[in-house]
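Take a look at the structure set out below.
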Amino acid sequence: MAVVALFTVFVGGLIAIFLTMPDADRDVFKLPRTLEELRKLTEYLSVYAQDHTLQVLLGYVVSYVFLQTFMIPGTILMSLLAGALFGEYYGLLLVVSTATAGACSCYFLSKLVGRPLLNWLWPDKLAFFRDEVAKRKDKLLNYMLFLRITPTLPNTFINVASPIVDIPFDTFFWATAIGLVPAAFVTVRAGLALGELQSLRDLYDLKTIATLFFIGLVSIVPTVFASKPTEQEKENS
């Protein structure tokens, strides 16, 4: 019941925003599903936003949080849109803030109703995640940063599974807000050259993935050293 109510609120809000946007082209003004649709929307909004910036921002924020909350594909395209419309720095700030808000919304929704869904969809992955979290209780923020920065586990799974495996919300929040920055930076910058992008797979080439893993490994170094007992601890044991 909570899921239906929240979904209805989001959809109602999106419809209200859409209908109250002055002089909006209803055929173009929709959530993009392909790169071609994204290019058309970007071309239109780059002109429309000059006179209606606040409406565009509001529509963007609600749309992104909606997609993130209900695990609906499309946030990568929305991140590209932010870069194309608002530039590198404002686009990055917008993507990170909305992605964090959406992830937190998904976290609390999953806390209410996510356990049976996860046990049904990904029982093995959930058990693995729970075991890894249990091993790293003392350095959990570092481990969560590693997961957020690298493509080790899908962000959607992390959002839904975190409350189920008892990851505290403050740890989840800071790992999300900080850990999403590198990948968001890559996507937002790609939005600046949207016309040259041929496929979403072009976003993360081998060099980019290697860089993200390097940053992620740096974040997890404290957990590796923390897992090794000191000489004093060995003697006491």
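Derivation of every value follows stated rules applied to the coordinates shown; laboratory data play no part. Keep in mind that this is a model prediction, so the values were computed, not measured. So basically every Cβ, Gly included, is an ideal-geometry build from the backbone, and we count neighbours across all protein chains shown.
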Tally of Lys pairs whose C-alpha atoms are under 22 Å apart, taken over the chain, 8 or more apart or cross-chain: 13
Charge dipole (debye, nearest 20) of the chain; +1 at Cβ of Lys and Arg, -1 at Cβ of Asp and Glu: 500
May I ask you to evaluate 6.51 cos²θ - 1.76 cosθ + 1.60, the Karplus curve with θ = phi - 60°, for each residue of region 70-80 and list the ³J(HN,Hα) values in order in whole Hz, giving x for glycine and proline? 9, 6, 8, x, x, 5, 5, 4, 5, 5, 4
Out of (1) 19.8, 75; (2) 16.5, 50; (3) 21.6, 85, which label holds the value of Rg and Dmax of the Cα atoms in Å that was computed here? (1)
Diffing region 18-26: the Karplus 3J(HN,Hα) column from phi (6.51, -1.76, 1.60, θ = phi - 60°), in whole Hz with x for Gly and Pro, holds 4, 6, 9, 6, x, 6, 7, 7, 5
Considering the zone a paramagnetic label at Ala2 would reach in this model (a point 7 Å from Cα along the Cα-to-Cβ line), which residues of region 61-98 have amide N under 18 Å from it? 66, 68-71
Distance from region 110-169 to region 72-109 (C-alpha centre basis), Å: 21
Test of understanding: ordering Arg33, Arg189, Arg136 by Cβ neighbours within 10 Å, fewest first, what list do you get? Arg33, Arg189, Arg136
Please give the length that would be gained between Asp166 and Phe108 if that part of the chain were fully extended, namely 0.36 nm times their separation in residues minus their C-alpha to C-alpha distance (nm, one decimal). 19.7 nm
Highest to lowest packing among 49-59, 78-88, scored as the average C-beta count within 10 Å: 78-88, 49-59
Which one of Leu85, Thr34, Pro73 has its Cα pushed farthest toward the positive end of the charge dipole of the chain, where Lys and Arg give +1 and Asp and Glu give -1 at the Cβ? Pro73
Computed over the chain, the relative contact order (Cα-Cα under 8 Å, seq sep at least six) in percent reads 23
